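So the structure is just underneath, and the comments pick up after that.
The values are calculated or read from the model by the stated rules, or taken from the named source; none is laboratory data. Quick caveat: nothing in here was measured; it's all calculated off a predicted structure. Glycine also receives a Cβ, built like all others from the backbone with ideal geometry; neighbour counts cover every protein chain displayed. We work out accessible area using only protein heavy atoms, side chains counted, and drop any ligands, DNA or RNA first. Shrake-Rupley method; radii C 1.70, N 1.55, O 1.52, S 1.80 Å.
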Amino acid sequence: MQDINTELPSNNVKAQRDVDIKFIVAKVLGNWYWYVIALVCFILIGLGLMLFVSPRYTVTGRVLVTGYNPAGKAVTGVDESTVLSQLGSMFSVPNAVMNEMEIIHSRTLVEQTVRDLQLNVTYWGQGPLRYEEVYKASPYFINLLSLKNITDPIEYDVRVVDDGNKVHFVDESSDSTFTINFGDTVHCWYGSWVLVRNPDVVEKNPHHTLGMVINSWAQTIYAYMQNITAATVNEQVNIIDLSISGVTPQKNEDMLKHLIGLYVQADINNHNKIADSTIAFIDERLATVAASLSDVDKGIESFKKQNKLTDLTNDANELVQTSTNVNQSMQDKQVQFRVVDDLENYLKDARNNTRIMPTTAPIQDPAFVQTLDKYNTLQLQRQTYLQTSTENNPNVKSTDIQLSQLRGDLLSMLQTYKKGINTEQTDLESRNAQMQSSIEKVPTQQKIYLDFTRRQNVLEGLYTYLLQTKEQTAVSKSNSLAPIRIIDYPIRGPLPYFPNVIIIVIGIIFLTLVVPSAAIFLSVLLNTRVISTDDISDHTDVPIVAGIASNKPKKKMIVNINVHSEVAEQFRALRTNLQFLLPGAGEKVLMTTSSMGGEGKSFISLNLANVLAVSGKKVLLMEMDLRKPRLSPALHIDNKPGFSDYVVSDMKPADIIRPSGLHSNCFIITSGSIPPNPAELIVNDKVPKLFETIRSEFDYIIIDTPAIGLVSDALLFSQYTDAVLYIIRQRKTYKKQVNIVQALVNERRFKKIDIIFNDIKPIPGYGYGYKRKYGSGYYDDYKRPFWKRMFGIGKRKRTSEA
């Protein structure tokens, strides 16, 4: 067999067209029932979701980050340092909001909430439609006393028995059962718990299906940490939105409320720790100062008794008053110096490295105040870390490093402040020296008394300052407020977010339209077989001479003198078109071939021969598919003797020409015995003589050959053929096989070649995919509705015609 070039030259073939929109729309409208089926299926799925899936609600709460006044810092007025401090805090608000967001759903608070509410234990019950968590609607609860580290949940089937006085448990994992009274303690391999009655729910039905699941602490805590979200509305406000979702909204509301309460209390406790540390430091200093002041008072009293002094002269009083005014400033500086010195010694003491620093420093510098607050905050954070980890934890080590740096900064600030106090004291001492020269003129007793008075004033000032600071710290402690304020308490949304009726309805409509449309579009896009004439014209220029509709009963013989079906009329139209295919007087040989088997070559040959015979033409059918003959079995005649017998013997053409049985004008030459070498028989010297004989005896000769895409037999008959009818079958022939037709034309293998589009099935909304040339209304029997054709209603009778 010669190779056929199936590649299409660009100048002979039309460019590939875009997707036929009309064809796709027709496919969509024609497959309306798939949309109905999809609609019903998705409605059933939606109803299943609504009825059998537990609704999930989102619980949301809202808090405002307000900031707080650190313990021990009473606001006594608005001064420059306060304004600077508030100005600095304006720029730290976003950072504070982010810190509060991380703290409020930290593992420490979530774990304490889970343990307080025992959220790792869930209670289940059978409802009208589904088995769901009942939470507080359970007739019983358990109080966990201890729980080991378990990996898998502990599940129980539960029944309330004995008229609601006892509870029966079935452990599904170990198949163990036990029945206990309310108040009894159960000791199991995983821990122990106490059964508690729910006074708000009475359950006496022993057949009501209940259940209980005990999860591990770690898994429950992790699940809640993943479920809780905290987010800010925008960067311009200090509001945090807290949310949690689940199938039990009341439990989630209780969880968020308890979590916020723990956070508020924990923050107040941290502030109180700072205040307590400050008060303890002040009490210690008050005891020392009180003892010193008592010694001075006793010294003054003893001095007066020894010198029998009752009153001082006016000059002495003026001198004392002047000295007192000078020394008052020195006393203030000495008080400040002692406080700063005590704080410096406190910081230098290694034993205080992990303690909160007292906030009694008289320094109002904003940088020092901010550094001190940050130092105490890190100390509290370090204590929080140590509650759940060791000092080797990376977070603890990182905090220690920051504390060390801040401790150095505080020491540097304190030392700088002390230098300032020393400078001021030097100036005051210079003035005091001037006063001393005057004091030396005073009698010795008065001079000694003046020294006692100075010491007494200094100690009294220090004692008064400490008492005031202690009182301010106590007031601040009693008025400690958390840095957040609850705006909206946690509450669930009015409707579940899943399954949501509106979303399900939209989803049903969307999927009903998209899924079948996508399937239809993909079927068209991925289709590799010929569906319409466009698929043929996209690959070849060869004209389509006829279109044969699908023959539903699959009869081999359609054309009959009394048959007026659509297919029969299409063959009659093909008969008419033959005068244009074979215009010459000597042109009478037609050959049918195709790309592969099963495309209807024999069907076309039989019915075309019959319709020509009915019209009065003498027709000869040649069964030249020597490998797999189809005509003789279809006509129920023996294929011997036939063509192969004629070639290999001394038989004459008349010996193998026989009536076909279709019509008196239709004859046939069968294939004969199946030869081992069909191609060699076709090129035998007797074949030209055979065609010479039959051309003189018949009006039309139809050669039924094997598929040209499989064997070369059809090409060997090209010298005897006047025209070729190339059969393309809808939904059978591949699109790429149409290239063979164009290749035959390009290589001039045949004189004439035309296409018959066979077995055309109508595309709903698009027709047959073949433009028929018949007037409307002729085939009324095929135009009537399906139900009328089924019951034979309105059927018209036809008159017989050839």
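Here are a few things to note about the model shown:
- Phi-based couplings in Hz for the range 638-646 (Karplus 6.51, -1.76, 1.60; Gly and Pro marked x): 6, 8, 10, x, x, 4, 5, 5, 5
- Averaging the Cα positions of each part gives two centres, and for the range 480-547 and the range 695-737 these lie 47 Å apart.
- Approximate spin-label separation Glu587-Asn395, in nm, with each point projected 7 Å along Cα-to-Cβ: 9.5
- Taking Trp217, Trp32, Trp193 and ordering them by how much accessible surface each has at a 1.4 Å probe, largest first, produces Trp32, Trp217, Trp193.
- Cα-projected label distance for Phe303 with Asp349, points at 7 Å along beta-carbon direction, nm: 3.2
- Entries in Lys204/Lys257; Lys628/Lys752; Lys348/Lys397; Lys374/Lys397 that, when Cα-Cα distance is taken, lie over 22 Å: Lys204/Lys257; Lys628/Lys752
- Ordered from highest to lowest accessible area with the whole protein assembly present and a 1.4 Å probe, Lys148, Lys761, Lys588 read as Lys148, Lys761, Lys588.
- Coupling constants for the range 186-194 follow from the phi torsions by the Karplus curve (6.51 cos²θ - 1.76 cosθ + 1.60, θ = phi - 60°), and in residue order they are 10, 10, 10, 5, 9, x, 9, 7, 10 Hz; glycine and proline get x.
- Computed with every protein chain present, the accessible area of Asp638 is close to 90 Å² [probe 1.4 Å].
- Overall form of the range 599-664 per C-alpha gyration tensor (a/c, 1.5; a/b vs b/c): oblate
- Pairs with C-alpha atoms separated by more than 21 Å, drawn from the list Lys618/Lys732; Lys273/Lys418; Lys588/Lys761; Lys588/Lys751, are Lys618/Lys732; Lys273/Lys418; Lys588/Lys761.
- Nearest-10 value in Å² for the accessible area of Ile506, using the 1.4 Å probe: 100
- Anisotropy class of the range 622-722 from Cα gyration tensor, a/c 1.5 cut: rounded
- Global geometry of the range 568-640, whether rounded, prolate or oblate, following the gyration tensor of its Cα atoms and the 1.5 cut on a/c: prolate
- Sorting Lys251, Lys348 on solvent-accessible area from highest to lowest, probe radius 1.4 Å, gives Lys348, Lys251.
- Phi to ³J(HN,Hα) by Karplus 6.51 cos²θ - 1.76 cosθ + 1.60 over the range 383-388, Hz, x for Gly, Pro: 5, 5, 4, 5, 5, 10
- For peptides 665-675, 711-721, 38-48, sequence by mean Cβ density within 10 Å, most packed first: 665-675, 711-721, 38-48
- Distance between the modelled labels on Thr209 and Thr151, one decimal in nanometres: 2.9 nm (7 Å Cα→Cβ projection).
- Highest mean first, the peptides 51-62, 128-139, 618-629, 603-614 sorted by other C-beta atoms within 10 Å per residue fall in the order 603-614, 618-629, 51-62, 128-139.
- Note on Arg630: accessible area approximately 110 square angstrom, rounded to 10, probe 1.4 Å, nucleic acids and ligands left out.
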